[in-house]
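> Handing you this structure, nothing more for now.
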Amino acid sequence: MAELCEVDEPFIYRLNDNGSGPSLLVKVCSERGWRIYQGYNGCVEERWNLWWRTSAFPAASYKTLGDWQFMNHIPKGGSICRKDSLSRLLRCMRRIYGSIYEFSPPCFHLPLEYAKLVAECSRLRHEQDGAVWIHKPVAQSQGRGIFLFRSICEMRCGSAAVVQRYIERPLLIAGYKFDLRLYVCVPGYRPLTAYMYAEGLARFGTDKYTLSDIHNPYRHLTNSSLNKTGPRYAECKDRIGSGCKWTLKQVRRALVGRWEATEWLVWQRIRALVTLTLLAQATGTPPARNCFEFYGFDVLLDDALKPWLLEVNLSPALAADCEADVTVKRPMLHELFDLLGLPMRHTGLSLLQGPPATHINSASSDSCDSTVRTVQRPRTSVPSAGRQRPLRRRRAMPIHCVTLQAPSLDKDTESNDKGKYANSGSPSSTSTSSGSPEESDCQSTPSLATPSTEDESWRGGHATAASRRRMINACSWGNGVRWERAPARVGQWVRIYPHTLPDNEIQIEEVRESVANVSKFVRAAREVARENARDARAPRDSTRDADFEATLRKKLAYGPNFEVWLPPV
Ligand code: ADP
């Protein structure tokens, strides 16, 4: 029987293994009224709702995850976050799917491919008068251990590394090199659901770019952790200003006049690049629920406006070093939690025991929801948080609140869910490695998570409706968010995959089908940009974006559920 549920318990967040974490994340969590977890220092505290860890989780943590608990990594979701395994995955996809995967610079793995690198270097020396290469240690970040060279004899060998062709002609603004940091959220790989945040950052080198001095890191590396320490960081630089970061909005404004329709197209190509990269590891991830990945994609534009993927960060930096950081990251984190259905203040442990609901509404107004919540309790009890509670009236929810809608679930889904996933334990607190409290980007260490024997079925396809349904059920979130009905946009998070959702069909595409869809998307976007360039009467002002979106939607025969991803302008 349905009964009213107490919903006033605070939402509890847990940071790494020692309570320390990025300052901006702590700020956002406390702005949402969440309470910090108290169970560090050996005192076992089972009650928490969100565990945010800089590094990967031990595999056991996923097995004991309760309906009301969420974690910021997906089992095996970090394969694209190590430089060597990213390059291997993309190489493999390029072999299968061809040129659509040509967005990462040619790469050699050391020490294994040293001989091949030597051969390629000498071939290029004869053809091109000395190409430039960049040497990057595989398990490091923030520009550490990176150097450029022209001749193989200049290369210092050390730990495992990748050597990549250096993009010698990057797009410059006022003579400075920059790369883009894009924020991507994946709440599930089965089926792949991916969102990209409309805002992001551009990170500049702090010395003017030139190939005649390849050993000055401030000209060639755009890591802000490095440039912060550069001699010209605080100087007011031509057009760039002081510091080394812009928002994507500033970048768009700098590009739009000069590049017209091509500028719009480049963002569509970036969207495709991100989706294709995620697809490269999609088949390697087991079904998972209540966990998500929050990636930082680093993309470099060359002087023909072609986007190149440099790397993917498992835990993108959430420090607030400058104004651009705060402008972008603070609303981005709030809206990330809105997207994931992790609400403000009052939906702590008890509410999340409710069965899955149909969808979420993300409200961004001051309007308050003071209705009494009716939530049906699950049949299985949850020891750590399952005490019977007296009925209570819900308090007003502040801005950005997320309202879980009344449950409506077919029987099939419910019984399946409970049988397989309702679990009574709390996550193991025996994690081995302590997450780094640092606020800088983090690359992936080899994944600790392995699928359980029970999960082995995930390797199979989804040929039948029943197997598709089983997959959807296995990945259904305990807070009622249903990713197979993922909204096209929550705040500035735009769903980049799937492009569109059919009305009533469970959709799981095989990777081949997904790659074909991305390829179709890129072709259509190219046509839209080309037609606009030819049409003298086409709008050149701010109405252009809306026009492009409508044309693209029509070309692809997508409904209103499809949205173009574009930074603000
Ligand atoms: P890290 O993990 O240390 O940040 P990255 O792969 O992001 O390593 O490289 C650091 C910086 O070096 C990038 O931000 C970019 O400016 C530059 N860079 C890396 N690879 C290339 C490349 N192939 N071509 C041009 N610049 C590159």
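> Roughly how many whole Å is it from the C-alpha centroid of the stretch 170-220 to that of the stretch 135-169?
Result: 18 Å between the Cα centres.
> While we're here: Around LYS237, under 13 Å between beta carbons, what's the net of Lys plus Arg minus Asp minus Glu among the other residues?
Values: positive: LYS177, LYS208, ARG219, ARG232, ARG239, LYS245; negative: ASP207, GLU235, ASP238.
My count for the surroundings of LYS237 gives +3.
> Run the dipole for the stretch 256-306 about the Cα centre, Lys and Arg Cβ at +1, Asp and Glu Cβ at -1, nothing else charged, and hand back the magnitude in debye, nearest 20.
Values: 5 positive and 6 negative charges, 46 e Å.
My answer is approximately 220 debye.
> Return THR275, THR464 ranked ascending by Cβ neighbour count within 10 Å, so the fewest neighbours appear first. Before the final figure, lay out the partial values.
Numbers: THR275 25, THR464 9.
By the 10 Å Cβ count, ascending: THR464, THR275.
> List, in order, the whole-Hz ³J(HN,Hα) value for each residue of the stretch 237-250 obtained from phi through the Karplus relation with A = 6.51, B = -1.76, C = 1.60 and θ = phi - 60°; use x for Gly and Pro.
Result, ordered by residue: 8, 3, 6, 6, x, 8, x, 9, 10, 10, 8, 5, 4, 5 Hz.
> With unit charges on the beta carbon (Lys/Arg positive, Asp/Glu negative), name the residue among MET155, PRO137, ILE167 whose Cα is farthest towards the positive pole of the charge dipole of the stretch 105-178.
Farthest towards the positive pole: PRO137.
> Right, next: For ASP547, ASP17, which order do you get if you count the other beta carbons within 10 Å of each Cβ and list the fewest first? Present the calculation step by step, with values, prior to reporting the outcome.
Details: ASP547 15, ASP17 18.
The fewest-first ordering by Cβ neighbours comes to ASP547, ASP17.
> Continuing with the same structure: Arranged by the count of other C-beta atoms within 10 angstrom, fewest first, what order do TYR101, TYR233, TYR197 take?
Numbers: TYR101 21, TYR233 17, TYR197 25.
Result, fewest neighbours first: TYR233, TYR101, TYR197.
> For every other residue with a beta carbon closer than 13 angstrom to the beta carbon of VAL162, add +1 if it is Lys or Arg and -1 if Asp or Glu, then tell me the sum. Walk me through the numbers before you get to the answer.
Working: positive: ARG82, LYS83, ARG88, ARG91, LYS116, LYS136, ARG165; negative: ASP84, GLU113, GLU311.
Its environment carries a net charge of +4.
> Right, something else. Enter the Cα centre distance for the pair the stretch 550-569 and the stretch 12-75, rounded to the nearest angstrom.
36 Å
Each value in this text was obtained by applying a stated rule to the coordinates, not by laboratory testing. All figures in this text were calculated on a predicted structure; none of them were measured in a lab. A quick note on method: Cβ atoms are made from the backbone with ideal geometry, for glycine too, and the neighbour counts reach across all protein chains shown.
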